[in-house]
Structure formats: C-alpha cells, structure tokens
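The values are calculated or read from the model by the stated rules, or taken from the named source; none is laboratory data. Predicted model only: the values in this text are computed from it and were never measured. Don't worry about glycine lacking a Cβ; one is built from the backbone with ideal geometry, like all the others, and counts go over all protein chains shown.
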Amino acid sequence: MKTLRRYNLKNSFYFITIVTFNRDEIILTNPDLIWESWVLPEPLAWVFLPDHLHFLFDIKDDNISNIVHDFKIKYSRKYRDIYGSGRVWQNRFWDHIIRDNNDMKRHFDYIHYNPVKHDYVGRPGDWEWSSFNKYLTEGYYTEDWSVVDERAFEGSFGE
C-alpha cells in the first residue's frame with residue numbers, strides 16, 4: 001500500500017470523516033465509547049451515525065494523523081473489550097483543511113444536516129448524537145433551519 005501523505009497545517013481547522021470497517025453499523029451501539037476514546041482537541045462540531053462520524057476541530061500544535069490514529073486505537077481496544085475481536089475501522093480517514101469562513105460554514109452545516117441527508121430523521125434537532133442542539137440553543141441555528149437545499153452540500157465529504 002502506498003504511503004499517504006497528508007498536509008499538516010498547525011493551528012488549522014480540519015473536517016474529518018471516519019468510517020467503520022465494512023460500514024458495519026456499530027457506532028451507536030455504544031456512542032459513549034467515542035467520548036471515552038477521544039482525547040483532544042475538543043470538536044467544534046460533530047455527528048455520530050451508525051457507520052461513520054464527522055468531526056470539525058482545530059488541531060492546534062498536533063498532527064491530524066496522530067489525532068485520528070490515537071482515537072481509532074483507543075476506541076478499537078475499548079470496543080473489542082466489550083464486544084469481542086474483529087476490525088472496527090476502515091483503513092485511513094478523510095480529511096479536509098478548512099480554507100476560509102465560507103468553507104467552515106459549509107462543513108459545519110454539513111455535519112449537522114448529515115442525519116437528515118441519510119434519512120435517519122426529518123430535522124437535525126431530532127438526532128441526539130450531534131452538536132446541533134447545542135448550537136440551536138446558542139442561537140446559531142433556528143428551529144426551521146432543517147429546510148435546506150441539499151445542493152448546498154456539493155463536493156466531497158468523505159462518505
């Protein structure tokens with residue numbers, strides 16, 4: 001397998017997608033394992049779906065590959081301790097360096113709209129495994145925000 005080279009820009013915001021092995025729907029069997037396994041940095045926005053998750057965060061002085069690697073290792077160990085042996089995550093992950101405020105907003109909104117996109121709920125506020133309701137409470141979103149034209153999310157998001 002070729003070595004994947006990633007850009008690592010200190011003090012940059014990153015959007016990442018991590019997908020389960022064979023897209024097994026295991027994440028929501030125990031979503032607390034994600035927070036038990038995630039150390040730093042604290043995500044600005046996040047969503048957990050049955051077979052993948054998205055985070056948006058500032059890597060500060062760290063390295064994106066190290067952050068994701070550490071998370072996957074910790075989560076996999078905890079998951080196997082509870083549910084038995086087997087692969088948990090796909091190799092690698094999707095990352096995107098946020099370029100400007102518009103790009104930040106687009107990825108921020110994409111994360112929160114993701115459960116609607118995948119037909120799990122009709123409105124983002126109905127999905128409990130997301131940071132959406134925090135931002136709804138803070139006034140960033142309104143209750144009717146979920147009426148979004150999906151074409152606003154053209155592009156790759158690592159799904």
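Has the stretch 87-98 got at least one residue that is of a type in the set (S, T, N, Q), closer than 23 Å to ILE27 by Cα and outside any helix (DSSP H, G or I)?
Yes, the stretch 87-98 contains a residue that is of a type in the set (S, T, N, Q), closer than 23 Å to ILE27 by Cα and outside any helix (DSSP H, G or I).
Can you tell me which residue among ARG92, ARG99 is out of contact with any Ser or Thr (no Cβ under 7 Å at 6 or more places or on another chain) and under 15 Å from ASN22 (Cα atoms)?
ARG92
Give the residues of the stretch 20-47 that are more than 18 Å from PRO115 (Cα to Cα), among the aliphatic types (A, V, I, L, M) and in a loop (DSSP other than H, G, I, E, B), sorted by residue number.
VAL39, LEU40
How many residues does the stretch 36-72 contain that are small (Gly, Ala, Ser) and either closer than 26 Å to ASP100 by Cβ or crowded, with 21+ Cβ neighbours inside 10 Å (or both)?
2
Specify the residue that is nearest to PHE132 (Cα to Cα); the eligible residues are those in the stretch 74-121 that are of a type in the set (S, T, N, Q) and under 17 Å from the mean Cα position of the chain (by Cα).
Checked the stretch 74-121; the qualifying residue nearest to PHE132 (Cα to Cα) is ASN114.
Is it true that SER37 is under 15 Å from VAL19 (Cβ atoms) and small (Gly, Ala, Ser)?
No, not satisfied.
Name the residue that is farthest from ILE16 (Cα to Cα), counting only residues in the stretch 102-150 that are basic (Lys, Arg) and touching a helix residue (DSSP H, G or I) at 6+ places or on another chain (Cβ under 8 Å).
ARG123
Quick one: count up the residues across the stretch 36-56 that are of a type in the set (Phe, Trp, Tyr) and modelled with pLDDT under 95.
Number of matching residues: 1.
Considering only residues that are buried (at least 22 other Cβ atoms within 10 Å of the Cβ) and either touching a residue at least 24 places away in the same chain (Cβ under 8 Å) or outside any helix (DSSP H, G or I) (or both), which ones fall in the stretch 111-128?
Of everything in the stretch 111-128, those that are buried (at least 22 other Cβ atoms within 10 Å of the Cβ) and either touching a residue at least 24 places away in the same chain (Cβ under 8 Å) or outside any helix (DSSP H, G or I) (or both) turn out to be ILE111, HIS112, TYR113, ASN114, PRO115.
Any residue in the stretch 59-79 that's at positive phi and modelled with pLDDT under 90: show its pairings with residues that are surrounded by 13 or more Cβ atoms within 10 Å (Cβ to Cβ) and not aliphatic (A, V, I, L, M) at Cβ separation under 7 Å, as long as the two are six or more apart or on different chains.
LYS60/PRO41
Looking only at the stretch 5-21, decide whether some residue is modelled with pLDDT of 95 or more, in contact with a Lys or Arg (Cβ under 8 Å, 6 or more places away or on another chain) and not β-branched (Val, Ile, Thr).
Yes, some residue in the stretch 5-21 is modelled with pLDDT of 95 or more, in contact with a Lys or Arg (Cβ under 8 Å, 6 or more places away or on another chain) and not β-branched (Val, Ile, Thr).
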